Structures are given as structure tokens and as C-alpha cells.
Amino acid sequence: MRELRNTKIIAVDHGYDNMKTANTVTPTGIKAYETEPIFTGNILEYNGIYYRIGEGHKEFIPDKAMDEEYYLRFVGCSLYPQGYPAIVNQLGNFKGINLLADIENGTMNILYINNKKAQESRCWTEKLGVN
């Protein structure tokens with residue numbers, strides 16, 4: 001976690017299997033309950049629904065930014081393509097066409113970079129990984 005002008009910044013890699021920060025790894029799955037669960041721990045209550053965080057893994061969907069579950073617990077979030085934060089400080093060194101591939105357990109995220117600029121229209125996820 002870093003603090004910049006009284007704002008706390010926490011880098012999160014929100015994958016399909018796990019959500020990772022610099023200090024934690026949590027399974028990505030979220031289970032919703034209409035009544036308060038019997039067992040406590042990792043529970044978020046939001047708009048009258050109880051969510052158990054970290055139960056199982058998230059099913060693959062092509063655009064997880066469209067899934068409401070991915071927004072639970074986030075306030076003031078900036079979203080970047082997978083792998084992009086790892087290279088953003090080095091974009092000045094990229095010449096011509098480059099390809100960023102973030103290979104995960106069950107997915108591979110692809111981003112084209114052309115003359116130091118990320119190409120949003122050429123960014124996608126393949127359901128192919130090292131698993």
C-alpha cells in the first residue's frame with residue numbers, strides 16, 4: 001500500500017482464481033446469501049445481501065468488468081488491463097509494435113502496444129493458461 005496526497009493506493013490483481021495484493025492471496029469466489037450466514041468470517045453485508053468473500057473460484061466470463069460481483073468491496077477504483085501496471089513506467093522504451101502477455105493459471109491476457117501507446121481495441125483475454 002502507498003499513500004499519495006492523503007489517498008491510500010492498494011494494487012490488486014483481480015484474477016479468476018485469486019485476488020492478489022502485495023501481502024495477500026484470496027480466492028476470488030463470492031457466495032451471496034439472502035439471510036445472515038451461520039458461520040462468520042469474510043462476510044460483507046451490502047444492500048441487505050450477505051456475501052461470503054473467498055468461497056471457491058470465479059467462473060470464467062469474457063468481460064468480468066460487466067459482472068456486478070467484481071465491484072463489491074471497491075470504492076474509487078481505477079481499472080487497467082492485466083499486466084499493464086508492470087510496464088507502464090517503461091512505456092517510453094517501447095518502439096514499434098509490442099505485445100504484452102500476462103499468462104495466469106487459467107487465462108492469458110493480451111495487450112498490443114503500438115509506439116508507446118496501449119491499444120484498447122486490441123486487448124482481450126484467452127481462456128488458456130498454464131493450468
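Every number here is computed from the coordinates shown, using simple stated rules; none is lab data. Quick caveat: nothing in here was measured; it's all calculated off a predicted structure. All Cβ positions, glycine included, derive from the backbone under ideal geometry; neighbour counts span all protein chains shown.
Between Tyr50 and Thr7, how many nm apart are label points set 7 Å from Cα along the C-beta direction?
Roughly 3.6 nm, to one decimal.
Normalise the Cα radius of gyration of the range 84-126 by 2.2 N^0.38 Å (N = residues in it) and let me know the number.
Compactness ratio reported: 1.13.
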